[in-house]
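Presented below is the structure to which this report refers.
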Protein chains: 2
Amino acid sequence: VTTALDLGRVETPAAVVDRDRMEANARRVVAYCAEHGLHWRPHIKTHKSRRIARLQLDLGARGLTVATPHEAEVMSSVTDDLLLAYPPVGEARLERVLGLPGSVDLKVALDSTAVLAPLAAGARAAGRSVGVLVEVDVGLRRVGVQGVDEAIRLAEAVAAADGVDYRGILFYAGHIRGTGPAEDEGIARLSGDVAAMRDGLAAAGLEPGIVSGGTTPTLWRSHEIEGLTEVRAGTCIFNDRDALAVGAAREQDLAYSVLATVVSTAVAGRAAVDAGSKALAKEPRGGRGTFGRLLDRPDVEVVALSEEHGMLDLEGTDWRPSVGDRVRIVPNHVCVSVNLQDRLLLEGADGDVEAVALEGRGRLSGAPEAGR
Amino acid sequence: VTTALDLGRVETPAAVVDRDRMEANARRVVAYCAEHGLHWRPHIKTHKSRRIARLQLDLGARGLTVATPHEAEVMSSVTDDLLLAYPPVGEARLERVLGLPGSVDLKVALDSTAVLAPLAAGARAAGRSVGVLVEVDVGLRRVGVQGVDEAIRLAEAVAAADGVDYRGILFYAGHIRGTGPAEDEGIARLSGDVAAMRDGLAAAGLEPGIVSGGTTPTLWRSHEIEGLTEVRAGTCIFNDRDALAVGAAREQDLAYSVLATVVSTAVAGRAAVDAGSKALAKEPRGGRGTFGRLLDRPDVEVVALSEEHGMLDLEGTDWRPSVGDRVRIVPNHVCVSVNLQDRLLLEGADGDVEAVALEGRGRLSGAPEAGR
């Protein structure tokens with residue numbers, strides 16, 4: 001949908017994506033993966049958009065990762081190679097997942113026989129086979145089986161069950177934040193743990209075909225993880241303050257910002273803009289307890305957020321904006337900011353602006369709309 | 001829209017509202033306001049729903065408060081008495097606000113002549129008159145004129161301009177958190193400041209007809225603020241951990257929770273549920289750095305949030321949930337949690353469940369949908 005949108009006049013707050021930067025980000029991941037014999041299966045939770053998922057696939061991504069039934073439904077029209085990196089617990093969720101088009105090679109991650117049994121039974125009833133990745137806890141303490149023995153037991157149960165195929169393992173090392181001595185140690189330990197897991201499973205006749213990991217903070221170190229076959233990094237398509245803070249992105253890789261308007265300069269040393277927590281999200285990440293910064297003035301930070309107000313701190317700058325001026329704000333965490341938007345405005349280098357739908361937002365079947 | 005929804009089977013995460021508690025909350029505010037000669041003009045940012053706005057008006061609220069053009073458009077079908085508690089800065093925003101039905105008695109808050117001039121010009125061009133409340137900073141340092149002299153100057157400019165009517169003043173004392181010695185002092189200072197403001201304006205022939213304030217944390221102390229005519233408290237319709245923490249609500253006033261399903265118990269001492277930051281919001285408020293707690297087990301807290309995972313800490317409880325169990329989680333800040341939902345499920349005491357649309361979500365004209 002290309003419309004005559006003018007970023008100088010469009011109502012704010014509005015989410016803007018630099019199309020060239022986004023494409024360069026995608027190409028860089030694909031090139032890195034190609035160099036190291038990895039596949040990129042991007043998590044689309046970051047953008048929730050068919051348009052951007054297609055771009056990733058066109059540029060070389062191998063399949064997509066999703067977290068919710070709605071994301072899976074939406075993305076099943078874009079690829080037949082889907083990984084639901086989430087345990088399909090609950091009748092309603094399972095029913096939707098098993099109702100995906102039969103053409104979809106669906107893989108799901110799970111960490112217990114409590115999830116496996118209804119999945120296998122449902123798959124049999126639906127007349128389909130679902131791939132299973134055994135989810136392994138590598139230290140985040142969120143989900144995942146604990147250690148090699150548990151992994152073997154669950155993989156054996158998967159291999160023995162009808163309706164499901166054992167396809168490998170999956171982990172999420174969200175506790176390793178990028179670079180630095182602690183992270184070096186973390187990556188080394190992770191690599192050792194994954195190798196031990198793979199060896200243990202192989203010795204039990206359960207060699208994993210897929211070893212799925214790779215987050216944006218550790219993206220560029222994925223080749224250090226022995227035996228990894230794919231990376232699921234999603235944030236890297238846009239990047240954010242957090243990716244910058246951990247060294248996973250550079251200034252010129254920041255593709256996403258929230259366009260905002262200065263609505264008040266009444267308070268000395270501050271300016272109020274119309275991007276608040278309902279546009280940026282008030283996540284306490286990305287440095288020094290602030291909630292965002294200007295794209296073009298990294299020293300001007302969002303020091304307070306109400307729902308519809310963001311407060312720029314002007315103490316450290318000579319810049320003095322006026323009411324009506326427009327600014328672009330980089331959020332701490334891009335995925336949750338995108339999730340708050342109605343659409344993305346993709347801006348080309350020539351100034352053209354393309355409105356992109358976020359079809360994967362929301363949770364209900366069909367259009368992600370209220371009241372249904 | 002009453003449908004046969006079963007909270008035992010509905011897909012999670014889902015936002016649930018206890019209808020009796022919600023109605024009791026509304027009745028309590030109306031009774032308090034009646035007792036003290038105040039009007040309640042609830043901010044609908046909390047619920048964004050026509051259904052709930054109508055309930056508030058039916059029970060005795062006097063008009064509604066909104067923050068965005070979209071909220072104003074949606075609520076203009078529910079009442080003719082609207083306050084936009086936000087400066088209408090920017091052509092696109094101003095055009096939508098001035099395009100509200102002519103039957104709407106529209107009042108807007110502003111703090112500068114930079115906002116006033118285009119508003120007055122636009123109102124004249126649209127052939128309507130817009131009420132203006134001069135927004136005053138009472139210590140939050142967000143927006144608002146600084147002190148009596150500035151307020152008089154702006155009120156004079158409003159009174160002198162065609163297309164707008166001077167109607168009074170508005171403030172937001174978001175820095176006062178409820179009860180306690182510091183808050184007692186804060187309320188006393190606020191009352192003195194508001195009285196001085198009113199006296200100063202009256203002496204200049206600009207007595208404010210409306211003195212609009214009152215947030216949920218200080219709601220029950222609104223009568224201590226001399227000269228206040230209306231309270232805008234919105235959160236009080238549902239309440240949340242923050243309202244509890246500052247003493248503005250009791251356990252039995254918690255009307256909102258997020259219904260979630262346990263998806264993993266693989267990690268010792270924890271349980272993972274499917275309500276993450278995209279259902280609860282990861283706002284660092286409401287106590288001890290955690291992000292929510294179970295409605296029925298206050299000692300079980302959400303200690304970590306990913307986008308689609310919430311981690312319950314089981315260290316302080318004997319309760320051991322199983323995969324598939326359902327829980328209800330009270331968020332820190334209800335307004336931003338509601339803003340993440342597709343709909344609200346209103347549960348009656350008899351177990352009936354009503355799906356309620358959130359028409360005021362999003363920012364685009366018409367349905368709050370992506371891609372338009």
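The values are calculated or read from the model by the stated rules, or taken from the named source; none is laboratory data. Bear in mind the structure is a predicted one, so any value in this text is a computation, not a measurement. Please note: Cβ atoms are built from the backbone with ideal geometry, for glycine as well, and neighbour counts cover all protein chains shown. SASA here: full protein model, heavy atoms, side chains in, ligands and nucleic acids out. Shrake-Rupley method; radii C 1.70, N 1.55, O 1.52, S 1.80 Å.
Checking the condition among the β-branched types (Val, Ile, Thr), more than 11 Å from chain A (Cβ to nearest Cβ) and either open to solvent by 10 Å² or more (accessible area, probe 1.4 Å) or touching a residue at least 60 places away in the same chain (Cβ under 8 Å) (or both), which residue from B:Val323, B:Val327 passes?
That would be B:Val327, the only listed residue that is among the β-branched types (Val, Ile, Thr), more than 11 Å from chain A (Cβ to nearest Cβ) and either open to solvent by 10 Å² or more (accessible area, probe 1.4 Å) or touching a residue at least 60 places away in the same chain (Cβ under 8 Å) (or both).
Selection of segment B:111-122 for residues being under 27 Å from the mean Cα position of the chain (by Cα) and closer than 9 Å to B:Val164 by Cβ yields B:Leu116, B:Leu119. Only a single item in (1) in contact with a Pro (Cβ under 6 Å, 6 or more places away or on another chain); (2) more than 12 Å from every other protein chain (Cβ to nearest Cβ); (3) open to solvent by less than 40 Å² (accessible area, probe 1.4 Å) is not met by B:Ala161, and it is number (1).
Return yes when A:Glu150 is more than 23 Å from the chain's Cα centre (by Cα), farther than 23 Å from A:Leu228 by Cβ and within 14 Å of another protein chain (Cβ to nearest Cβ) and no when it is not. So A:Glu150 does not fit the description; no. Can you find even one residue in segment B:171-193 that is more than 30 Å from B:Arg28 (Cα to Cα) and not in a helix (DSSP H, G or I)? No.
One line per residue, one yes/no per condition, for (1) more than 18 Å from A:Arg363 (Cα to Cα); (2) open to solvent by less than 10 Å² (accessible area, probe 1.4 Å); (3) among the basic types (Lys, Arg); (4) within 14 Å of another protein chain (Cβ to nearest Cβ):
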{"residue": "A:His36", "(1), (2), (3), (4)": "yes, no, no, no"}
{"residue": "A:Met75", "(1), (2), (3), (4)": "no, yes, no, no"}
{"residue": "A:Gly102", "(1), (2), (3), (4)": "yes, no, no, no"}
{"residue": "A:Thr113", "(1), (2), (3), (4)": "yes, no, no, yes"}
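Of the numbered criteria (1) surrounded by fewer than 16 Cβ atoms within 10 Å (Cβ to Cβ); (2) closer than 30 Å to A:Arg285 by Cβ; (3) small (Gly, Ala, Ser); (4) touching a strand residue (DSSP E or B) at 6+ places or on another chain (Cβ under 6 Å), the one A:Ala182 fails is (4). Filter segment A:77-92 down to the residues that are within 23 Å of B:Leu7 (Cα to Cα) and open to solvent by less than 20 Å² (accessible area, probe 1.4 Å) and list them by number. Matches in segment A:77-92: A:Tyr86, A:Pro87, A:Pro88, A:Val89. For segment A:278-308, residues that are within 11 Å of chain B (Cβ to nearest Cβ), part of a loop (DSSP other than H, G, I, E, B) and open to solvent by 10 Å² or more (accessible area, probe 1.4 Å) total 9. The lone criterion from (1) buried (at least 23 other Cβ atoms within 10 Å of the Cβ); (2) under 24 Å from the mean Cα position of the chain (by Cα); (3) at the interface with another protein chain (Cβ under 7 Å from one of its Cβ atoms) left unmet by A:Met311 is number (2). Within segment B:197-240, being more than 23 Å from B:Pro181 (Cβ to Cβ), over 19 Å from the mean Cα position of the chain (by Cα) and in a helix (DSSP H, G or I) holds for B:Met197, B:Arg198, B:Asp199, B:Gly200, B:Leu201, B:Ala202, B:Ala203. The residues in segment B:332-353 that are more than 10 Å from every other protein chain (Cβ to nearest Cβ), in contact (Cβ under 8 Å) with a residue 12 or more places away in the chain and charged (D, E, K, R) can be counted, and the count is 2. Here B:Ala67, B:Ala26, B:Ala15, B:Ala53 are screened, and the one residue that is crowded, with 17+ Cβ neighbours inside 10 Å, under 27 Å from B:Leu364 (Cα atoms) and in contact (Cβ under 8 Å) with a residue 60 or more places away in the chain is B:Ala15. The number of residues in segment A:241-274 that are part of a loop (DSSP other than H, G, I, E, B) and away from every other protein chain (no Cβ under 13 Å) comes to 7.
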